Each structure stands twice: as structure tokens, then as C-alpha cells.
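The structure appears below as C-alpha cells.
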Amino acid sequence: MYKTQRRVVCYLRVITLIRKNDNVPSHLDRERFEEIFRQVREHPEKAQSKRVEGVLELLSRLRHDLSGSAKVRIITGLRHLLSVYQWVVQVSPTTEGFRALHLIADRGRLSRDDLWEHTAIRDLLDVVPYLGERPRIRRCADATCWRWFFAKTERKTHKFCSTNCRVNVYDSSSTRRAEKKVYMRQYRQGLKERDDRDKKRVGFGRSPKRRATTGART
């Protein structure tokens, strides 16, 4: 049994080295992760959502540039959280070659919420080799949103779950507000100057004021 497990582990390591980190395999649907994030967001009071979010928090912090001690703390935390889940490994052929599938043990004894939790944890663990140097599981940087999302790339500039959140943060900064105020003032001044030029061009400019004359009329 031990030799079989070692062969499976070695196989998974080789497959991880062959695949590119910037591509999520086809069996991991991005919509599936969005569904996990939505469930956690809409049912934060459930114990299952809290445990899944605990795993999300640790995975989102597992960067390659961390110190050795920081990585140990995160991995220890993950080991503690994941110790309650039991899996059965089965090697099956897929369109991408043979894969080791982690099936949920005692599936028939789990409630609907527990089954969702186990499935969510399994999907999150499957995507770990594809997180990259900067984990692609992130929270939106917009404090009014703070949602989980799966970044399309590893770039650290990908901080927001949507364009609306990026624009919201950009427009709400004090520096941006000051820049926008100056821009709008200059924009309005430019419109006024252009309007004045157009009026003069068609002969609707202001006529010069006549001098007031004094003296008796003849």
C-alpha cells in the first residue's frame, strides 16, 4: 500500500512540473470556484463556510517569497484544518492523461452542507499547483467589496474582482479626487474658451462698450 501511494505522489509531482502554472486545467472550471466564493459570501454563518474560508485565507497567503518560518506556519495551519477530511484516491483516465482523483470517503453519511464543504476543499486543493508565485486566490482590494476571486494572472496588479471595484477605489482616493477636481476645472475652462471662439467666429461676440458722452445735445 505504501509503495502504491509513493507511485501516485511521484506521478502527481511529475504532472505538476510538466503543466504550466498560468493555465488552469480543463477539469477545474473557473465557474466552480466562483460558486464556492458565492456560497461562502452568502452563508457566512454556516460552520462549513467558515472552515472553507479558513482554508481560503491560508491559501491566499501562501506566496513563494515568504520566509521559511512563515511558510511553516501556513502549512501547519493547513495541515490542521485539512486533518478532518478523509479521501479515497483513484487513478482514472481523462482527456489530459491519467489523473489521481480524490473521492470523498463515507459520502453517503454526509449532509448536503458537509458534502458541499468536502467538494469545495477538494477543488481548492486540486488548484494549488496552479496558484503560481503569487496566489491567484485573492480578496478584492476594494474595502467595500472584499470578495474572494480567482485572478486570471499572477500579476500583483490584479487586485480587484471587477472593473467597477477598481474604478471605485481609484476614484475614492484623496489624490485622485484632487486630480479629478483640477481636471474638471480645466475641462470646463476649455469648453468656455472654445464656446467664446465659436461665437466670435460667427459674429456673436460682445460688441465694445460705447463711451459715455457728456455735454448738451444739439
Net charge contributed by nearby residues that have their C-beta within less than 13 Å of Q86 (K/R +1, D/E -1): 0
Those aspartates and glutamates that a straight Cα-Cα span of less than 16 Å connects to K181, excepting residues fewer than 8 apart in one chain: D171
I need the phi-derived Karplus couplings for region 193-201: 6.51 cos²θ - 1.76 cosθ + 1.60, θ = phi - 60°, integer Hz, Gly and Pro marked x. 5, 5, 5, 5, 5, 5, 5, 5, 5
Once region 90-190 is represented by equal point scatterers at the alpha-carbon sites, with solvent omitted, what log10 I(q)/I(0) does the Debye formula produce at q = 0.21, 0.25 Å⁻¹? -1.10, -1.20
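Read-outs: derived from the displayed coordinates by stated rules, not from any lab. Here the structure is a predicted model, which means the values were calculated and not measured. With ideal geometry, Cβ positions are generated from the backbone for all residues, glycine too; neighbour counts draw on all protein chains shown.
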